[in-house]
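The structure appears right after this line, and notes come after that.
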Amino acid sequence: MRQFHRFNEYKVLFYRIGLAYLFYMIARILFFVYNKNLIKIDSASEFISLAYHGIVFDTTSIIYINSLFILLSLLPLVVNTKKGFQSFLFYLYFSTNLIAYTANFIDFIYYKYTFNRSTIASLDTLENETNKTRLFLNFAVEYWHVFLLFFLCAFIWIYLYKKVRVDYHKHQINIRFFLLSTLIFLLLTTLSIGGIRGDFKKSTRPINLLDASRYVTDASQADFVLNTPFAIIRTYGANSFYKLNLVDNTTIDSLLVPVKQYKNNPKTKPNIVIFILESYGREYISSFNKNSKDKGYRGYSPFVDSLAQHSLIFTNGYANGYKSIHGMSSVLAGIPSFKDAFTSSPYPKQKIQSLVSILKSEGYDTSFFHGAPNGSMGFLGFGNILGFNHYYGKSEYNNDNDFDGSWGIWDEPFFQYFNKTLSKKKSPFMATLFSVSSHEPYVIPQKYEGKFPKGDIPIHQCIGYTDFSLRKFFNAAKKEAWYNNTIFVLVADHDNLIHYDEYYKDQNFHTVPIVFFTPNEKYKGVNNDWAQQIDIYPTLMDMIGYEKPFRSWGRSLISKDKVSPFVMRYSSDKYQMMSGNYICTFDGEKAVGFYQKDDKELKNNLINQRTAEMNLLEKRCKAFLQDYMERIMDKKLDK
């Protein structure tokens, strides 16, 4: 059999890419040396483990940066081995890699001022400087040792690159040459896609900055796991955060009241159990659609309907985002997501006062449950930032016989696992479960085929299955000692497939049920006021009688304080604030529309008929956005 000479080219390509991994690891070690007083790593084994996990993030950066180099090295061209072509690849390789590599070295020094890897936001800040040359020269003089290390690494990298060369030979251009080259090209392209995403699992989205927090025991370690080119790449196009100067602080304090304090209820320590139900939109629940205008309306959640009769429910509730991770940050930390998610922005790695942190300070055991592979959706990373004591995922469940084949453990067995795990805990505890089964590809366990109504769209039977899983959970939990002293919350992360016409209207997108249930029915009734996910956190603080001040953009849904009911969200490329009789659409600086609260399709813009109530609503919207941007960007989420 004739030799396929391209194997030599492939070996050299792997060697060259391997050099990038080597020098990224060297940069990681140097980054730690320069910032060891800021990054808490207690042992050699922990250092090695964190460095190992960093390879995943290095892979994404290296493949992104070398994508053209890899492509040209793999394509079956007749000039692949010629000296001129290899010289071109040399300059392409180092012009892209060394520019990106420089960013790591800048953070050797810059990190001590920001306590974060530099992101696209850092470059945006630099863009506004008028004396860039002077700043660069000052940096070069003061930190000459960083430049020396960079050039030393670059010199050794180039030296090692040149040590291994592609052997020149004239290719035999035939079908075999193109067929083998194409097959290897497709294989390596597939591997590269997995490298850019972080894995090949359907249940996870491409990794971002948040995922570095999966592997840490201290928040600072995430920056050791990361590399700066990754931080810049992943935040490119995801930075719609910018400071605003629209109102004065007095207006913020009076209209928004970003720091809440409640003294309405006696201090208690009930357990708190929160169900964030995947895609469990308001549309699917009859008790939230009593006045439906859709002919022949039908719901698919008989148990939730029965629970609602004994609960405090909010029938006009909204999600403060449109993805699962948005639901987690909104419900647990009271942080909404607008054009870009807070969790995928340059700013999530900071101290965050939240439901988790406050309850921990009050002696609660805190847990997060999600039946998907650990790290899916970014929940583990964000959970570590929030400070959960425990994370229970597919790994902890440890029984793949109950895996649905796509996303995670079926809801029914995982909900039972949830109950059994909680029943072993000492009260008080706070636990959040994020369900998985009401999700594309919209299947249920085979043994339950035909048990739940198929409905009109694929998700309907999945809603019925998750509802059945909730029923079984509550039937088991009510036998446990902790049950009667527990506040249960049910809320969706967002909506999903739409069937009924009413829910195709702009103002019914991402509407969610909000349910508070206590076995003694202390909180009971139907409330049709504006409500949103970020209200859950302050409501629970009010319910347990927490008396200290805390940061919250939402409001207590049981309080009669001066913050009137409202919803703040992002839809149709505009911010939207709903309160009182109107819906205000806002472009980031000014109101561009006002609509009656019942104008769900936003058809009749009343901006030319402004009233005092409209003007106040616009000012309130300005106050919200100004305080939101400032607190996130200036890292003031811990107070």
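The values are calculated or read from the model by the stated rules, or taken from the named source; none is laboratory data. Being a predicted model, the structure only gives us computed values, none of them experimental. When we count neighbours, we look across all protein chains shown, and the Cβ atoms used for this are built from the backbone with ideal geometry, even at glycine. Side chains included, ligands, DNA and RNA excluded: accessible areas come from the protein's heavy atoms. Shrake-Rupley method; radii C 1.70, N 1.55, O 1.52, S 1.80 Å.
From the protein chains alone at 1.4 Å, what is the descending order of accessible area for 633, 543, largest first?
Most to least solvent-accessible, the answer reads 633, 543.
Quote the relative contact order of region 511-609 in percent (integer), defining contacts as alpha-carbon pairs under 8 Å separated by 6+ residues.
With pairs under 8 Å counted, the relative contact order is 15 percent.
With a ≥ b ≥ c the root eigenvalues of the C-alpha gyration tensor of region 295-436, is it rounded (a/c under 1.5), prolate (a/b larger than b/c) or oblate?
Rounded, since a/c falls under 1.5.
Roughly speaking, what is the centre-to-centre gap between region 475-495 and region 582-623 when only Cα atoms are used, to the nearest Å?
With region 475-495 and region 582-623 each reduced to a Cα centre, they are spaced 38 Å.
Quick one: compute the contact order of the chain, relative version, from alpha carbon pairs under 8 angstrom and 6+ residues apart, as a percent.
Across the chain, relative contact order equals 18 percent.
Let's test the formula: R0 of 56 Å, r as the Cβ-Cβ distance of residue 71 and residue 472. What FRET efficiency results, to the nearest 0.05?
0.60
Tell me which lysines have Cα within less than 26 Å of residue 590's Cα, excluding those fewer than 8 residues away on the same chain?
Filter leaves 243, 339, 505, 562, 574, 600, 603, 619, 622, 635, 636.
For 186, 71, write out the residues from largest to smallest accessible area, computed with a 1.4 angstrom probe and no ligands counted.
186, 71
To the nearest 0.05, how large is the calculated FRET efficiency for residue 186 and residue 78 if R₀ is 30 Å and r is the Cβ-Cβ distance?
Calculated transfer efficiency: 0.90.
Is region 222-340 rounded, prolate or oblate when judged by the Cα gyration tensor, a ≥ b ≥ c being the square roots of its eigenvalues, rounded requiring a/c under 1.5 and prolate requiring a/b larger than b/c?
prolate
For labels at residue 416 and residue 244 in the simple 7 Å Cα→Cβ model, what's the distance in nm?
For the pair residue 416/residue 244, the computed spacing is 5.0 nm.
When we measure straight from the Cα of residue 82, which lysines land under 22 angstrom away, once same-chain ones fewer than 8 places off are left out?
Within reach: 11, 162, 163, 170.
Testing the spin-label approximation: label points 7 Å from Cα along Cα→Cβ at residue 610 and residue 140. State their distance in nm.
5.2
Which of rounded, prolate or oblate describes region 379-456 when judged by the alpha-carbon gyration tensor and an a/c cut-off of 1.5?
prolate
For residue 492, which sequence-distant residues (separation of 5 or more, or a different chain) have an amide H within less than 5 Å of its own amide H, given hydrogens modelled in the peptide plane?
Excluding prolines and chain starts, which carry no amide H, the hits are 277.
Would you kindly state how much longer the chain becomes between residue 292 and residue 268 on full extension, computed as 0.36 nm times their sequence separation minus their alpha carbon distance, in nm to one decimal?
Fully extending the segment from residue 292 to residue 268 adds 4.8 nm.
Over region 357-420, what is the mean sequence separation of C-alpha contacts under 8 Å (at least six apart), divided by residue count, expressed as relative contact order in percent?
34
If you take the alpha carbon radius of gyration of the chain and divide it by 2.2 N^0.38 Å, what ratio comes out, to two decimals?
Here the answer is 1.07, to two decimals.
Please report, to two decimal places, log10 I(q)/I(0) for region 357-513 at q = 0.10, 0.12, 0.14 Å⁻¹ as given by the Debye formula with identical point scatterers on the Cα atoms and no solvent.
Each listed q corresponds, in turn, to -0.40, -0.58, -0.79.
Just by accessible area at a 1.4 angstrom probe, what is the order of 412, 142, 601 from largest to smallest?
Accessible-area ranking of 412, 142, 601, largest first: 142, 601, 412.
Holding the Cα-Cα limit at 31 Å, pick out from 394/479; 112/360; 351/522; 349/522 the pairs that are longer than that.
Pairs exceeding 31 Å: 351/522; 349/522.
Which value, in Å² rounded to 10, gives the accessible area of residue 611 with a 1.4 Å probe and all protein chains present?
Approximately 50 Å² for this residue.
Please work out how much accessible surface residue 306 shows to a 1.4 Å probe, ignoring ligands, DNA and RNA, in Å² rounded to 10.
In the full protein context, residue 306 sits at about 50 Å².
Could you give the distance between the Cα centres of region 264-301 and region 22-81, to the whole Å?
If we compute the Cα centre of each part, the gap is 46 Å.
For region 311-387, with every protein chain kept in place, what is the accessible area per residue (1.4 Å probe, Å²)?
18
Can you give the accessible area of residue 22 in Å² (nearest 10), computed on protein heavy atoms with a 1.4 Å probe?
Surface open to solvent at residue 22 totals about 80 Å².
In whole Hz, what ³J(HN,Hα) sequence does region 446-461 give by Karplus (6.51, -1.76, 1.60; θ = phi - 60°), x for Gly and Pro?
Working through the residues one at a time gives 4, 5, 10, 4, x, 6, 10, x, 5, x, 9, 9, x, 6, 4, 5 Hz.
Testing the spin-label approximation: label points 7 Å from Cα along Cα→Cβ at residue 44 and residue 155. State their distance in nm.
Reported label-point gap for residue 44 and residue 155 is 3.0 nm.
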